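Notes for the one structure printed next.
The values are calculated or read from the model by the stated rules, or taken from the named source; none is laboratory data. From a predicted model like this one, the values you see are computed outputs, not experimental measurements. Cβ placement follows ideal geometry from the backbone for every residue including glycine, while neighbour counts extend to all protein chains displayed. Accessible surface areas use protein heavy atoms only, side chains included; no ligands, DNA or RNA. Shrake-Rupley method; radii C 1.70, N 1.55, O 1.52, S 1.80 Å.
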Amino acid sequence: MTSRYERYDLLILGSGSTAFAAAIHAQELGKTAVMTEGRALGGTCVNRGCLPSKNLIEAARLVYDAAHPRYPGLTPARLDVDFPALIAQKDEVIRAYRDQHYESLVDDTDEEGQPPIQVVPGQVAFVDPHTVLVTATDGTSRLLTGSQVLIATGSSPLIPDIPGLSETPYLTSDLLTNQEEELTELPRSLLILGGGYIALELGQMFARFGSEVTIVTRGSSILTGYEPEIADALTEILREEGLQIVTGAQVRTVGRGGAGVTLVMQRHGSSRTLTAEKLLVATGRLPNTQEIGLERAGVEVGTAGAVRVDRTLRTTVSHIWAAGDVIGRETESQMATPVGAHDGKIAAHNALSGEPLRQVDHTVIPRTIFTDPQVAVVGLPDEEAVAARIECDCNTIPLSVVPRAGAIRDTRGVIKMVLDAPTRRVVGVSMLGVNAGEVIGEAAMALRFGATTDDFIDLIHVYPTMAEALKLVAISFTKDVNRLSCCAT
């Protein structure tokens, strides 16, 4: 049974980081806001993505480091892995985090007595440009209407059209979900389709826990779109850890086989069959724009189903906005939690404040892949800079020249810097190495303010830290960094 219309200043489809950022800002502006959620409050990141995966990735690192100490004088130790117990502790971490950062913000007035943020559970679909119907699992429904509307429904795993896949049990990145069906037993062997960040993070994690892992990608290398020096170095590292990485593979069929799954692929003109206990599909993500009735709202979608927006995050309908993963690569955006949270606030400001519209700037978005060592990037890789008609100067150095890397006996990795040659302005940095995700913040700030190589060189860095890699790669354009004393410029 459908209730009467419930009216709000801002109606938000979704309850992830983008939605919450918008709802909180609406509350700060003294406006009423309601979110909808078809699964677990908090969306992908807290329940199925960033947080659970990073929790387990760190546990896997402890297991690996104990068995492979870098220091002479330390005896390797084998840590027993109780996978169900690891999953249980992960679930507890997620519950605590969700309670603190999401549940506690709902249905409660803020410190200044502003109206509470509300969440309506259920599957959502537009009825008209201002109204949605939310249908709960028990079949009851509610009609919500908003003066302004924000689409923040996020993204879901992309499932490729492979013969036999629909009849074959497979996992996606949602295997790390909370409060829903998930993987609770460690597979003896795992086939992974895809060569992007999800495939690599989870592949290394499962291998370190003890699974036999094979990664299969159709690309000529892993990490398509990243600097080839990074991809090549990481491939070597992962293979040294025992992961099998098969590139240039055309998957023909998948199916059930024996006690697990089989995969038939074509590579270099010959056919090959792989088998494993489990299959993980990690071939990318797609915006969640299916089945939410966008056509009834008049909202247009573009590439891969992404909601079309301008730089104010307004859709093709004047009172409807969109932000987060659901806009895909629109406005040069990227599917990343902090991007959604940042843009959610801008969307709410533009929808509700009555002030001049703000525009998003997605020029500088730092990203990290939580392999070990980490991959971190910001700005343009070499190939994209050339495509943008930038007169490039690029250089790559091994992390063995970084004092900190030598001191902790972990010199794996490289760092590459891309310059606009005439001005020496840095337009891109890519790093594979220890704590790369922490280092890239400095590079991001530098790119935001138009820093040159001289700015990196003249900045006094803490010694010894991995951030010195930025200084050293900047120096490498004019000097041999193998012939420097410590801290020298």
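If you check Ala322 against the conditions, is it modelled with pLDDT under 95, among the small types (Gly, Ala, Ser), open to solvent by less than 60 Å² (accessible area, probe 1.4 Å) and within 24 Å of the chain's Cα centre (by Cα)? Criteria not met by Ala322. With respect to Ser430, determine if the residue is free of Cβ contacts under 8 Å to residues at least 24 places away in the same chain, more than 30 Å from Gly30 (Cβ to Cβ) and either open to solvent by 50 Å² or more (accessible area, probe 1.4 Å) or in contact with a strand residue (DSSP E or B) (Cβ under 6 Å, 6 or more places away or on another chain) (or both). Judged against the criteria, Ser430 is not a match. Filtering Ser53, Ser104 for residues that are hydroxyl-bearing (Ser, Thr, Tyr) and either open to solvent by less than 30 Å² (accessible area, probe 1.4 Å) or not in a helix (DSSP H, G or I) (or both) leaves a single hit, Ser53. The set of residues from region 79-97 being open to solvent by 70 Å² or more (accessible area, probe 1.4 Å) and not in a loop (DSSP other than H, G, I, E, B) comprises Glu92, Arg95, Tyr97. Taken over region 134-147, the criterion of being open to solvent by 10 Å² or more (accessible area, probe 1.4 Å) and under 16 Å from Ser15 (Cα atoms) is satisfied by Thr135, Ala136. For the residues Gly194, Gly154, the requirement of being at positive phi, touching a helix residue (DSSP H, G or I) at 6+ places or on another chain (Cβ under 7 Å) and surrounded by 18 or more Cβ atoms within 10 Å (Cβ to Cβ) singles out Gly154.
Entry remark, region 22-45: residues being crowded, with 24+ Cβ neighbours inside 10 Å and assigned to a helix (DSSP H, G or I) number 5 in total. Restricting region 6-21 to residues that are among the hydrophobic types (A, V, I, L, M, F, W, C) and assigned to a helix (DSSP H, G or I) leaves a set whose member that is nearest to Gly324 (Cα to Cα) is Ala19.
Could you pull out the residue among Val339, Val386, Val375, Val317 that is in contact with a Cys (Cβ under 8 Å, 6 or more places away or on another chain) and aliphatic (A, V, I, L, M)?
Details: Val339 fails: in contact with a Cys (Cβ under 8 Å, 6 or more places away or on another chain); Val375 fails: in contact with a Cys (Cβ under 8 Å, 6 or more places away or on another chain); Val317 fails: in contact with a Cys (Cβ under 8 Å, 6 or more places away or on another chain).
Testing whether each residue is in contact with a Cys (Cβ under 8 Å, 6 or more places away or on another chain) and aliphatic (A, V, I, L, M) leaves just Val386.
With respect to the conditions (1) under 20 Å from the mean Cα position of the chain (by Cα); (2) within 17 Å of Gly225 (Cβ to Cβ); (3) open to solvent by less than 20 Å² (accessible area, probe 1.4 Å), Val360 lacks only one, and its number is (2). Within region 463-472, being touching an Asp or Glu at 6+ places or on another chain (Cβ under 8 Å) and in contact (Cβ under 8 Å) with a residue 60 or more places away in the chain holds for one residue alone: Met466.
Taking (1) outside any strand (DSSP E or B); (2) in contact with a helix residue (DSSP H, G or I) (Cβ under 6 Å, 6 or more places away or on another chain) in turn, Gln148 satisfies each apart from (1).
Taken together, the residues in region 202-222 that are in contact with a strand residue (DSSP E or B) (Cβ under 7 Å, 6 or more places away or on another chain) and open to solvent by 30 Å² or more (accessible area, probe 1.4 Å) amount to 2. Within region 329-357, the residues that satisfy the criterion of being open to solvent by 10 Å² or more (accessible area, probe 1.4 Å), part of a loop (DSSP other than H, G, I, E, B) and within 28 Å of Arg48 (Cβ to Cβ) are Arg329, Gln334, Met335, Ala336.
Answer with yes or no whether Leu51 is of a type in the set (A, V, I, L, M, F, W, C), within 19 Å of Thr368 (Cβ to Cβ) and at pLDDT below 95. Walk me through how you get there before you give the answer.
On the way: of a type in the set (A, V, I, L, M, F, W, C): yes; within 19 Å of Thr368 (Cβ to Cβ): yes; at pLDDT below 95: yes.
For Leu51, the condition - of a type in the set (A, V, I, L, M, F, W, C), within 19 Å of Thr368 (Cβ to Cβ) and at pLDDT below 95 - is met.
Filter region 328-349 down to the residues that are in contact with a helix residue (DSSP H, G or I) (Cβ under 6 Å, 6 or more places away or on another chain) and over 12 Å from Ile365 (Cα atoms) and list them by number. Show your work before the answer.
Residues of region 328-349 in contact with a helix residue (DSSP H, G or I) (Cβ under 6 Å, 6 or more places away or on another chain): 328, 333, 335, 337, 340-341, 344-345, 347-348.
Scanning region 328-349 gives Gly328, Ala341, Gly344, Lys345, Ala347, Ala348.
Within region 114-123, if we keep just the residues that are open to solvent by less than 20 Å² (accessible area, probe 1.4 Å) and either over 28 Å from the mean Cα position of the chain (by Cα) or among the aliphatic types (A, V, I, L, M) (or both), the residue that is modelled with the highest pLDDT turns out to be Val120.
For region 63-113, the candidate set comprises residues that are within 30 Å of Ala21 (Cβ to Cβ) and hydroxyl-bearing (Ser, Thr, Tyr); within that set, the residue that is modelled with the lowest pLDDT is Thr109.
Table: residues versus (1) of a type in the set (Lys, Arg); (2) more than 30 Å from Gln204 (Cα to Cα); (3) touching a strand residue (DSSP E or B) at 6+ places or on another chain (Cβ under 9 Å).
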site: Arg256; (1), (2), (3): yes, no, yes
site: Ser271; (1), (2), (3): no, no, yes
site: Gly284; (1), (2), (3): no, no, yes
site: His319; (1), (2), (3): no, yes, yes
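Only one of the listed residues (Ile475, Ile460) is surrounded by 13 or more Cβ atoms within 10 Å (Cβ to Cβ) and without any contact (Cβ under 8 Å) to a residue 24 or more places away in the chain. That residue is Ile475.
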